[in-house]
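Worksheet: one structure, shown below.
The values are calculated or read from the model by the stated rules, or taken from the named source; none is laboratory data. All values reported here derive from a predicted model rather than from experimental measurement. Every residue, glycine among them, receives a Cβ derived from its backbone with ideal geometry; neighbour counts consider all protein chains shown. We work out accessible area using only protein heavy atoms, side chains counted, and drop any ligands, DNA or RNA first. Shrake-Rupley method; radii C 1.70, N 1.55, O 1.52, S 1.80 Å.
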Amino acid sequence: DTVIVSGVAVFPDLSIDLGDGSTVYTLTAVASDLASITSASFVVHRGVPYILSFTVDPVSTTGGATLSTVTVSCLDSAGNVATSYSDTITVSLLPYSGTDSATLSGTLTATAVNGVANFAT
């Protein structure tokens, strides 16, 4: 909530959900009976790489069939794709139920490009 003390309005919970590191922003303040003002310009950068996420999950299939494309993204702490991330990502198979002898085949390692690694068939 906005707090006004001695004629000063404080906005303690403002945030911008997505920054690309190149867009320049300004804020505008408007109040009745007063001229609007514009802040100094600023840039919002994406956060540092934080966590991996399956952004396109594998889908159910039959044994021996090729899986559809699986995508893994590196996200920052705000949930945005960390486009600076370019490391290698490896996928593996963990048994959930069924046979422990199942194996995952295909390209199991991919280099992230702009924070995204695709494991395509």
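Figures for the structure shown
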| quantity | calculated |
| --- | --- |
| Pairs with Cβ under 8 Å, 6+ apart, first in the stretch 92-106 and within 16 Å of Ser60 (Cβ to Cβ), second outside any loop (DSSP other than H, G, I, E, B) and modelled with pLDDT of 85 or more | none |
| Single condition Asp100 does not satisfy, out of (1) modelled with pLDDT of 85 or more; (2) open to solvent by 60 Å² or more (accessible area, probe 1.4 Å); (3) not small (Gly, Ala, Ser) | (1) |
| So Ala9, is it over 30 Å from Val116 (Cβ atoms) and not in a loop (DSSP other than H, G, I, E, B) | yes |
| Scan of the stretch 1-32 for residues that are modelled with pLDDT under 80, under 30 Å from Asp76 (Cα atoms) and open to solvent by 90 Å² or more (accessible area, probe 1.4 Å), ordered by number | Asp1, Asp17 |
| Residue match in the stretch 72-82 (condition: of a type in the set (S, T, N, Q) and at pLDDT below 90) | yes |
| Options Ala65, Ala35: the member that is open to solvent by less than 80 Å² (accessible area, probe 1.4 Å), at pLDDT 85 or above and out of contact with any Asp or Glu (no Cβ under 7 Å at 6 or more places or on another chain) | Ala65 |
| Selection from the stretch 69-121 of residues that are touching a strand residue (DSSP E or B) at 6+ places or on another chain (Cβ under 7 Å) and aromatic (Phe, Trp, Tyr) | Tyr85, Phe119 |
| Verdict on Asp87 being open to solvent by less than 80 Å² (accessible area, probe 1.4 Å), acidic (Asp, Glu) and under 30 Å from Val44 (Cα atoms) | no |
| Of all residues in the stretch 32-47 being in a loop (DSSP other than H, G, I, E, B) and in contact with a strand residue (DSSP E or B) (Cβ under 8 Å, 6 or more places away or on another chain), the one that is nearest to Asn80 (Cα to Cα) | Arg46 |
